[in-house]
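Contents: one structure, followed by commentary.
The values are calculated or read from the model by the stated rules, or taken from the named source; none is laboratory data. Not measured: the values here are computed from a predicted model. Reconstructed Cβ throughout: ideal geometry from the backbone, glycine too, with neighbour counts over all protein chains shown. These accessible areas exclude ligands, DNA and RNA; they are computed on the full protein's heavy atoms, side chains included. Shrake-Rupley method; radii C 1.70, N 1.55, O 1.52, S 1.80 Å.
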Amino acid sequence: MSTSRNDLTDAAATSTPTSALRRSPWRVDEPERWDEDAFGRRSLSRLTVDRDAARRREPGLLNSLAADPATRLVLVDARGRVALDVPASHPELPENGLTPPSWPVDALPTGTPGAAAHDVVEGADTGEEEQERQDQRTGFQDRPARPRPHLAPLTATDVDPTGLETFYLGSEPGDGAGTSWLAVVVPADGAAAAEPDDAEGASRPHPDLADALERYPLSALRAVGDELTAHDAGLATPAAALAAWHARNHYCPSCGSRTEPVESGWARRCTGCGALQFPRTDPAVIMAVTDDADRIVLVHGAAWDAGRYSTVAGFVEAGEAAEAAVVREVGEETGLRVASVEQVATQPWPFPRSLMLGYRARLAPGEHVARPDQEEVTGAIVLSRAELAAAVEAGDVVLPGSTSIARMLIEDWYGEEIRG
């Protein structure tokens, strides 16, 4: 199956760990960083808020919540960005699904003099890229403390959602106050100050939205998802997924008529034939491939920067089992033959609509030499733990960012967190 790897993924130890030290993929060595939910999930897989699906069909729910000053808001856009209480991180990432480098070491709380949006732009002479390379070489030991991001502390009194697209995200479980959460979609093209609301192009101003974004700028969720609390990640991820889906489904696939949001943003109904559509999710497999010497296979995507490597990944084809997709994708991209497959974990990847199915794949005995297809994959390396640690420390290998399940699969094989 011909797929774009960019749609899916990204989607040094002092002693070498052994396979006997393999951990659970959800083990937390730094609880403050990962902040698991009650089921041990981390990054974008976490959830603590009650999605409260039974309430979505309640007549007038979105309007009543928008009028309730206690309603909490999540500002999000169709590009997978959310408003946080820290300086913007990678707000202009290309829509290629890759996870970027870590947060800037000089990040300051929003409102602090000198705090500014951070975005790594190729060729930009900011000095931050060299700092990040130095951090990779030193294992981050010398990084100063940085503020942990949280969702912007906004309620319906801060931003009037009238005229903006909203979705019901759920409520706080066991919350006697009944705190509810709405996602509010920031219009495209920076149109926060005014948004057309009728056929004649009349505009309804949204100065409160513009003010909120000035205080709490948008950050790429795939850049910061691992830094969020389980609570905030469980709100930001479905908000980003719904925003991306609605932006791409204005017309009915059956008759071509306009569609309109229903069920508090969790479905769209055709205004012509009445057909109902629900958010689409594309399953994709992603796997830590190892040989009979327990070395890991990492690949370099054709469109990636030099030195960037990740795990093998690909979309599940129509009528195909996920395990069969693992075998097929490894063979297509690397020319290697898989002998066994073991499911590990899953992770939503709403950039724009993937669900990553994580696996371990063991190669058949004697399968050691990867043969990249030279189309999607232009390079492949087979490394021991010691070799990977040395390559990362030297800056020769750049691994997927910490938000991605690819990084989790690599560290699951490695036996502990990889600094770099």
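Does residue 275 meet the test of being open to solvent by less than 40 Å² (accessible area, probe 1.4 Å) and not β-branched (Val, Ile, Thr)? Here the answer is yes, as residue 275 does meet what is asked. Of the residues contained in the range 108-119, one or more are found to be closer than 24 Å to residue 301 by Cα and modelled with pLDDT under 60.
Scan the range 302-318 and give yes if some residue there is open to solvent by 50 Å² or more (accessible area, probe 1.4 Å) and at pLDDT 95 or above, otherwise no. The answer is yes; a qualifying residue exists. Residue 290 falls short on exactly one of the conditions (1) farther than 20 Å from residue 401 by Cβ; (2) crowded, with 21+ Cβ neighbours inside 10 Å, and that condition is (2).
Which of the residues belonging to the range 37-76 are of a type in the set (A, V, I, L, M, F, W, C), surrounded by fewer than 16 Cβ atoms within 10 Å (Cβ to Cβ) and within 10 Å of residue 264 (Cβ to Cβ)?
The first filter runs over the range 37-76 and keeps only residues of a type in the set (A, V, I, L, M, F, W, C), leaving 38-39, 44, 47, 49, 53-54, 61-62, 65-67, 70, 73-76.
Right, trim to surrounded by fewer than 16 Cβ atoms within 10 Å (Cβ to Cβ) and you get 38-39, 53-54, 67, 70.
Listed by number, the list holds a single entry, 53.
Farther than 15 Å from residue 351 by Cα, touching a strand residue (DSSP E or B) at 6+ places or on another chain (Cβ under 8 Å) and assigned to a loop (DSSP other than H, G, I, E, B), is that true of residue 232? Don't jump to the end; show me each part of the working.
Numbers: farther than 15 Å from residue 351 by Cα: yes; touching a strand residue (DSSP E or B) at 6+ places or on another chain (Cβ under 8 Å): yes; assigned to a loop (DSSP other than H, G, I, E, B): no.
No, not satisfied.
For the range 82-93, the criterion of being open to solvent by 10 Å² or more (accessible area, probe 1.4 Å), at pLDDT below 75 and part of a loop (DSSP other than H, G, I, E, B) is met by at least one residue. Tallying residues that are open to solvent by 30 Å² or more (accessible area, probe 1.4 Å) and of a type in the set (Lys, Arg) within the range 375-420 yields 1. Pairs are defined by a Cβ separation below 7 Å, a sequence spacing of at least 6 or placement on different chains, a first member in the range 394-417 that is part of a strand (DSSP E or B), and a second member that is surrounded by fewer than 21 Cβ atoms within 10 Å (Cβ to Cβ); the pairs so defined are 398/307; 398/308. Of the residues making up the range 350-358, none is more than 19 Å from the chain's Cα centre (by Cα) and open to solvent by 40 Å² or more (accessible area, probe 1.4 Å). Criterion applied to 327, 369 was being under 27 Å from residue 41 (Cα atoms), out of contact with any Asp or Glu (no Cβ under 8 Å at 6 or more places or on another chain), open to solvent by 60 Å² or more (accessible area, probe 1.4 Å) and not polar (S, T, N, Q), and the one residue passing it is 327.
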